[in-house]
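Asks: Below are the structure tokens for one structure; questions will follow.
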Amino acid sequence: MFIKEVDSSSIKSVAYDKDEGKLWLRFKNDALYEYTGVSEQVAKSLVSAESKGRYFRENIKDNDNFTCEKVLEEE
């Protein structure tokens, strides 16, 4: 498992559990989302992407291969 603060205008941090295939994204507004069914390669590509927000929008958000659940509401 890893947790990383990232340099992004929209994403604050990324956490990933390889054993469960779960990715957690905390956004700048403090909303926390859990994505299930995410491969380690996708998680690592997100962290290493030049634009984390763009990678998220193009590869994770609204992807039918992943289940998404909002864990915490924005304040």
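The values are calculated or read from the model by the stated rules, or taken from the named source; none is laboratory data. Keep in mind that what you see is a predicted model, and the values were worked out from it rather than measured. Backbone-built Cβ (ideal geometry, glycine too); neighbour counts: all protein chains shown. Quick note on the areas: whole protein, heavy atoms, side chains included, nothing else; ligands and nucleic acids left out. Shrake-Rupley method; radii C 1.70, N 1.55, O 1.52, S 1.80 Å.
Asks: Quick check on my filter: what residues within the range 10-25 are out of contact with any helix residue (DSSP H, G or I) (no Cβ under 6 Å at 6 or more places or on another chain) and touching a residue at least 40 places away in the same chain (Cβ under 8 Å)?
Replies: W24 - this is the single residue of the range 10-25 that is out of contact with any helix residue (DSSP H, G or I) (no Cβ under 6 Å at 6 or more places or on another chain) and touching a residue at least 40 places away in the same chain (Cβ under 8 Å).
Each row is one residue, and each column tells you yes or no for (1) open to solvent by 70 Å² or more (accessible area, probe 1.4 Å); (2) modelled with pLDDT under 95.
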position	(1), (2)
V6	no, no
K12	no, no
Y16	no, no
R26	no, no
S48	yes, no
K52	no, no
K61	yes, no
E75	yes, yes
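Asks: Show the residue pairs meeting these rules: Cβ distance below 8 Å; 6+ apart or different chains; first residue within the range 52-70 and touching a residue at least 40 places away in the same chain (Cβ under 8 Å) and under 13 Å from I11 (Cα atoms); second residue aliphatic (A, V, I, L, M) and surrounded by 15 or more Cβ atoms within 10 Å (Cβ to Cβ).
Replies: Sorted first by the residue in the range 52-70, then by its partner, the pairs are K52/V6; K52/I11; K52/V14; K52/L46; G53/I11; F56/I11; F56/L25; F56/L46.
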